[in-house]
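Undergrad: Structure incoming, see below.
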Number of protein chains: 4
Amino acid sequence: MPPATPEPAARPLRVREDPAVRRQAILEAAARLFATHGFADTTVRDIGDEVAIKSGSLYHYFASKDAILEAVLREFLADLGTATAAIVSAGTSPRRQVTDLVRHAFTLMGERPYWVLTYQNEFLRLAGQPGFEFVAGESARIEAAWVAALTASAEAGDFAVDVPVAVRYRLVRDATWTAVRWYRPGEELDAAALAERYVAVFYGNHAAG
Amino acid sequence: MPPATPEPAARPLRVREDPAVRRQAILEAAARLFATHGFADTTVRDIGDEVAIKSGSLYHYFASKDAILEAVLREFLADLGTATAAIVSAGTSPRRQVTDLVRHAFTLMGERPYWVLTYQNEFLRLAGQPGFEFVAGESARIEAAWVAALTASAEAGDFAVDVPVAVRYRLVRDATWTAVRWYRPGEELDAAALAERYVAVFYGNHAAG
Amino acid sequence: MPPATPEPAARPLRVREDPAVRRQAILEAAARLFATHGFADTTVRDIGDEVAIKSGSLYHYFASKDAILEAVLREFLADLGTATAAIVSAGTSPRRQVTDLVRHAFTLMGERPYWVLTYQNEFLRLAGQPGFEFVAGESARIEAAWVAALTASAEAGDFAVDVPVAVRYRLVRDATWTAVRWYRPGEELDAAALAERYVAVFYGNHAAG
Amino acid sequence: MPPATPEPAARPLRVREDPAVRRQAILEAAARLFATHGFADTTVRDIGDEVAIKSGSLYHYFASKDAILEAVLREFLADLGTATAAIVSAGTSPRRQVTDLVRHAFTLMGERPYWVLTYQNEFLRLAGQPGFEFVAGESARIEAAWVAALTASAEAGDFAVDVPVAVRYRLVRDATWTAVRWYRPGEELDAAALAERYVAVFYGNHAAG
DNA sequence: CATGAATGAGAATTCATTCAT
DNA sequence: GATGAATGAATTCTCATTCAT
């Protein structure tokens, strides 16, 4: 029960912003905090502070702290899924597809490192969690695209060294995506250059003229 | 996409005797829980439950929850540092050293996955944290060993593809160590076989006779 | 043992026109919710939902959640007071008056169970609460009417068993009004028939010729 | 002005009491608060205050606020069930049994009014709630005992007025148990005397010699 | 050594209420 | 009038930590 006689209270500074903009700002802030402190160590107050809102007001935009994480992951996976699908259905050569996938990954890691990290860090914990089934589902779809491109490239004889595709996929995936933990664009090599070198190593040679 | 992580083993250790044994059991349990649930989501009670002890009693062995994490990381890094040093000071060829480093990593991921995961997961968060400076320090020492071996190998002309050592180091390190999220010994390939294939890809060829 | 209580009717009223009509709809909805969930467990949003209005808009009709409860009780007690006064000033015989009071109670419990329940459930809690003094006041007036009728009936020698009027009043009142927790018109006996039987028991005999 | 002497620090006053005693004290306090303010309006802090404990410490004794309510109801219903069973299986006459049931009710209302009120007030809300099925179950058992005694008494021709047992049961039950809202022992009539009069009214006559 | 009771500092969440639009 | 956004105070519950026994 709230107090029967509320005090006048100091005039609250109402900054009326576009709700959609503020919603996105919340996701942006949450992703950053989740990535740097971990979901468990991020409080809704922390998130509120970042967007100059009281923590209680967050609940106008999201039903719970979990729902914020869910929204971050949904948006991230939707974007990644779309980009991935575009690359592998472009009709380009297998090696080109692999290169584009890696390059896109580096670009994404440069542009939205916190979203990538949030996804990576929370993936395991969310495995069976109700409401988060889409994470495994969408991840599997993306994985299938990578595996398909790598398989086609192997069948085309592109690789200098022969290893099972399951092994190669993991090596490529892990080497590529873990770069989010150190890659910062603007330092040394940009995304395209870095991707070029990674792909060269993966193939054991440079792209054929 | 994202590397899967091993399930928590459900074996409550029951050690009544040697305090040192119990201390080690606590670290094992803690590492497993930290790796599977995250440090923040692991309660001292959870740890106590695993070793059949009340949470209050943990404080006879460790000063705090943080101290348990610290002990886990110290032991892990000490062991890893020792093994790493042994490999790179064995007087073997550069490629042999790199191969041994990778093989040792796979072996370690098979034997102590939870320690590896704990280290990886908490590394970023612990960056500046007081009391955890040793993590960055020891990590740097190990990194130096890997970089040295890779540099020597590059100078020996072992690699099919030429890339800056800083780039190659990260690719190799990330591809290798992230395998902890999916590698389970006893399935398909063992540590040695897997390491062999990884190294072949890294070099773009198989070891010269 | 304990009296069961009626289920909440799920009919969201949609009144767009007359403010007075909407005001009344709010009271109906509020009474239903207060009766079924309790005042404390009813949110202003719940009330708004029932009348298809946002909770903020309720404040155009009532100054506070408390004010809604107050209005419910005021209206209920006013109606009950009026009906009671009419019965006891009708110039009928004491037993007739008692019978009419009981019958009216059953009728009211059939027609407006939620208002009766709200009154009963919140009565104790509202005892000393400022702004709710009218509850005790009006209740006392109604009680006086019942006691007067019972006293007159006792003096007329209507009762088979002799007990102090204070005791009889409470027995009669409690037995009668608590029926709201189980009485549903249309099942078995109607209000008049039920009142008849109740009164017969209260008197220890059936009404004389 | 008092000297600026440093505070001696807040020595945590550890009053080491028998846990079972404190547990019961919590239930006692909780029942009182639930009865007077309602469950929803009682905070765990309120309960803690009553037993000079911090609210967090309550969770050493009960898993949740709900669990406290559950314990109150379980204890209450167990005691009531036992007493009821003893009365109806004593081999006494039906009217004696009814009288004993009513008398016991008044005694209980005198001794533990808050438990009775808590039961009555929260009964409805707990209807379908998981974990509270025992409430309906135990209540039904007690109701059966009352109905059996009343039926037997009716068959023995004890009642001056004839009404369906379902009606009579409710009238008797409601009149009796609702007395908890006003009955305070030590005023005017004691439990036995009050029960005697209530029963006389219920029967329409005084017990046969 | 081990424990159970206790604490206090938060944590997420709820909700009556306000008010600019 | 109506609404949605915002608030702030309160609520239940959690948990690392302490400490007398």
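Undergrad: From other protein chains only, count the Cβ atoms within 10 Å of every residue's Cβ in D:190-201, then give the mean.
TA: Shielding by partners across D:190-201 averages 3.
Undergrad: Under the classification rounded if a/c is under 1.5, otherwise prolate if a/b is larger than b/c and oblate if not, where does region C:156-197 fall, given a ≥ b ≥ c as square roots of the Cα gyration tensor eigenvalues?
TA: Oblate shape, in that a/c is at least 1.5 and b/c is the bigger or equal ratio.
Undergrad: Within a 10 angstrom radius of each residue's Cβ in A:119-126, how many Cβ atoms of other chains show up on average? Whole number is fine.
TA: 5
Undergrad: Counting only other chains, what is the mean number of Cβ atoms within 10 angstrom of the Cβ of each residue in peptide D:31-42?
TA: Working: counts 0, 0, 0, 0, 1, 3, 4, 9, 3, 7, 6, 1.
Counting Cβ atoms of other protein chains within 10 Å of each residue's Cβ and averaging gives 3.
Undergrad: Something else: Put +1 on the Cβ of every Lys and Arg and -1 on every Asp and Glu Cβ in the protein assembly as shown; which of C:Gly110, C:Phe39, D:Tyr169 then has its Cα farthest towards the positive end of the dipole?
TA: Most positive-ward Cα: C:Phe39.
Undergrad: Right, something else. Based on DSSP H runs of at least 4 residues, each adding -39500 (n - 2.57), what is the mean residue ellipticity at 222 nm of the protein assembly as shown after dividing by all its residues, to the nearest 500 deg cm²/dmol?
TA: Here the helix-only value at 222 nm equals -21000 deg cm²/dmol.
Undergrad: Calculate the radius of gyration of the Cα atoms of region A:132-183 to one decimal place, then report Dmax, the largest Cα-Cα distance, as a whole number, both in Å.
TA: According to the Cα coordinates of region A:132-183, Rg and Dmax are 12.8, 39 Å.
Undergrad: Moving to a separate point now. May I ask which residue of chain B has the beta-carbon nearest to the axis carrying chain B onto chain C, and at what distance in whole Å?
TA: B:Asp41, 16
Undergrad: Scanning chain B for helices, which whole DSSP H stretches are 27 Å or more long along the axis (Cα) and average -0.5 or more by Kyte-Doolittle?
TA: Details: long enough: B:65-88 (35 Å, 0.92); B:133-155 (33 Å, 0.51).
Span-like helices here: B:65-88, B:133-155.
Undergrad: If you don't mind, another one. What is the magnitude of the charge dipole of the protein assembly as shown about its Cα centre, with +1 placed on the Cβ of each Lys and Arg, -1 on the Cβ of each Asp and Glu, and no other charges, expressed in debye to the nearest 20? Spell out each step's value before the answer.
TA: Details: 88 positive and 104 negative charges, 61 e Å.
That gives the protein assembly as shown a dipole magnitude of about 300 debye.
Undergrad: Using only the alpha carbons of region A:58-135, what is the convex hull's orientation-averaged projected area in square nanometres?
TA: So the Cα hull casts an average projection of 6.1 nm².
Undergrad: Tell me, what is the percent relative contact order of chain A, built from C-alpha pairs under 8 Å that lie six or more residues apart?
TA: Numbers: 163 pairs, mean separation 48.1, N = 209.
It comes to 23 percent, rounded to a whole number.
Undergrad: Tell me the Kirkwood radius of region B:107-168: reciprocal of the mean inverse pair distance over distinct alpha-carbon atoms, in Å.
TA: 13.8 Å
Undergrad: Also: Taking the label point 7 Å from Cα in the Cβ direction, how far apart in nm is C:Asp162 from each other copy of itself, listed shortest first?
TA: Copy-to-copy label distances for C:Asp162: 2.9, 11.7, 12.5 nm.
Undergrad: Treating the point 7 Å from Cα along Cα-beta-carbon as the label, what are the nm separations from D:Lys54 to the other copies, to one decimal?
TA: Label-point separations across copies, in nm and ascending: 1.8, 2.6, 4.1.
Undergrad: Any chance you could list the semi-axes, whole Å, largest first, of the equivalent ellipsoid that the Cα gyration tensor gives for region A:69-203, using √(5λ)?
TA: Semi-axes from the Cα gyration tensor: 24, 18, 13 Å.
Undergrad: Defining the label point at 7 Å along Cα→Cβ, can you sort the distances from B:Ala90 to the same site in each other copy, shortest first, in nm?
TA: 4.3, 9.0, 10.7
Undergrad: Okay, moving on. Mind giving me the FRET efficiency for A:Ala127 and C:Ala193? R0 is 60 Å, r the Cβ-Cβ distance, nearest 0.05 is fine.
TA: Here the calculated transfer efficiency is 0.40.
Undergrad: For a protection proxy built on the mean count of beta-carbon atoms within 10 angstrom, sort A:68-77, C:126-135 highest first, please. The partial results should precede the final answer.
TA: Working: A:68-77: 20.6, C:126-135: 14.0.
The packing order, highest mean first, is A:68-77, C:126-135.
Undergrad: Could you state the per residue volume, in Å³, of the convex hull enclosing the Cα atoms of the protein assembly as shown?
TA: About 279 Å³ per residue, rounded to a whole number.
Undergrad: Using +1 at the Cβ of each Lys and Arg and -1 at the Cβ of each Asp and Glu in the protein assembly as shown, identify which of A:Ala195, C:Val88, D:Ser55 lies farthest towards the dipole's positive end.
TA: The Cα lying farthest towards the positive end belongs to D:Ser55.
Undergrad: Suppose every K and R has +1 on its Cβ and every D and E has -1 on its Cβ; what is the size of the dipole of chain A about the Cα centre, in Debye to the nearest 20? Don't skip to the answer; put the middle values down first.
TA: Numbers: 22 positive and 26 negative charges, 55 e Å.
So the magnitude is around 260 debye.
Undergrad: If the limit is 27 Å between Cα atoms, which of A:Lys65/B:Lys54; A:Lys54/C:Lys65; B:Lys54/D:Lys54; A:Lys54/C:Lys54; A:Lys65/C:Lys65 go over it?
TA: Cα-Cα > 27 Å for A:Lys65/B:Lys54; A:Lys65/C:Lys65; rest within.
Undergrad: Continuing with this model, one more query. Name the GluC sites (Glu not before Pro) in region B:134-209 that are in a loop by DSSP and that have at most 16 other C-beta atoms within 10 Å, would you?
TA: Those satisfying the criteria are B:Glu187, B:Glu188.
Undergrad: Compute the distance in nm between two label points, each set 7 Å from the Cα along the Cα-to-Cβ direction, one at C:Ala208 and one at D:Thr92.
TA: For the pair C:Ala208/D:Thr92, the computed spacing is 3.6 nm.
Undergrad: Tell me, how many Å apart are the Cα centres for region C:19-94 and for region B:138-198?
TA: Comparing the Cα centres of region C:19-94 and region B:138-198, I get a distance of 75 Å.
Undergrad: Label point 7 Å out from C:Asp46 along Cα-to-Cβ: which residues of region D:19-49 have amide N under 14 Å?
TA: D:39-41
None of the figures in this text is laboratory data; all of them are computed from the coordinates on show. For clarity, every value in this text was computed on a predicted model and none was experimentally measured. With ideal geometry, Cβ positions are generated from the backbone for all residues, glycine too; neighbour counts draw on all protein chains shown.
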